[in-house]
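Read through the structure below, which is laid out as structure tokens, and then see the notes.
The values are calculated or read from the model by the stated rules, or taken from the named source; none is laboratory data. Quick caveat: nothing in here was measured; it's all calculated off a predicted structure. Cβ placement follows ideal geometry from the backbone for every residue including glycine, while neighbour counts extend to all protein chains displayed. The protein model used for the area step is the full one, side chains on, heavy atoms only, and it has no ligands, DNA or RNA in it. Shrake-Rupley method; radii C 1.70, N 1.55, O 1.52, S 1.80 Å.
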Amino acid sequence: MVPVVAAAVLVGLLAAPPLRGLIVYFAVPEGEPWRGACPSCGRAVRLLPPTGRCPGCRGRLGAGAGAVEAVAAAVAVAVAYAADGPQAPALGWAAAVGVALGFVDGRVRRLPHRLNLALLAGVAVLLTVAALAEGRPGVLLHCLLVALAVGVLLELAVWAGALGPGDSPLGFALGGLLGWYGWAVAFGGLFAAVVLAGLWGTLRAAAALVRRRRVRGLDVPVGPFLLLGALVAVLAR
Ligand SMILES: [Zn+2]
């Protein structure tokens, strides 16, 4: 068990520098161009150190020191624990892109379509390979049905103004991944996301009240909770 955890932590730490680059690239407000270079010194941003600072000008750039590394390592350990079949590569891919999506949504409250599409495309290809390797291509139809059910449900919430436009495509992709495990895991993940987002929003509102700040409802980014809920459901199945 210890070697597996150590290997997973190592994978998480190795994934962190390019993930930091992706997060800086995509964490820009709607309507602004993607950020491929440091806004202070113009140095190209691809791999970034755990300090959360630009290697060129030492200015702050992206997520705080150690944050991406800690989350990536924890997610890698969870995935190593949950991965137990031919679908494991799809789970790992979703986890890696999911860390970037979670940080971007946390910073700028949006889930860029290119990241959502990257998550969906990777999951679709890797699950197809897994289904064919297992000799049961029928499971793919099941994944598609679950993806559609979750995606349509979240799209209704987008129409109602409860979610952002990137939440339903992310739900579609995660629904497809969790559909491999069945309806119960997929909707368990959605339920866990709602509970966790509600808890987080309530805690933040309570903290704001204590500090006598104005409270604007349960103002939380939903993407990180959809991702966390999916991981919890896969772990708890
Ligand atoms: Zn710089």
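Some notes on this structure:
- Restricting attention to region 79-129, the residues that are among the polar types (S, T, N, Q) and assigned to a helix (DSSP H, G or I) total 2.
- Considering 29, 39, 18, the condition of being part of a loop (DSSP other than H, G, I, E, B) and away from the ligand (no atom under 16 Å from the Cβ) is satisfied by 29 alone.
- Counting the residues of region 142-174 that are over 20 Å from residue 89 (Cβ atoms) and not in a loop (DSSP other than H, G, I, E, B) gives 17.
- Scanning region 48-60 finds no residues that are on the phi < 0 side of the Ramachandran plot and assigned to a helix (DSSP H, G or I).
- Residues being over 18 Å from the mean Cα position of the chain (by Cα) and more than 11 Å from the ligand (Cβ to nearest atom) - total across region 57-73: 1
- Only listed residue being more than 16 Å from the ligand (Cβ to nearest atom) and without any contact (Cβ under 8 Å) to a residue 12 or more places away in the chain, chosen from 151, 135: 135
- Residues satisfying the stated conditions in region 53-70, i.e. touching a helix residue (DSSP H, G or I) at 6+ places or on another chain (Cβ under 7 Å) and free of Cβ contacts under 8 Å to residues at least 40 places away in the same chain: 61
- Any hit, region 174-191, residues being modelled with pLDDT of 95 or more, open to solvent by 90 Å² or more (accessible area, probe 1.4 Å) and over 15 Å from the mean Cα position of the chain (by Cα): yes
- Output for region 196-209, where each listed residue is touching a helix residue (DSSP H, G or I) at 6+ places or on another chain (Cβ under 8 Å) and either surrounded by fewer than 20 Cβ atoms within 10 Å (Cβ to Cβ) or not small (Gly, Ala, Ser) (or both): 196, 200
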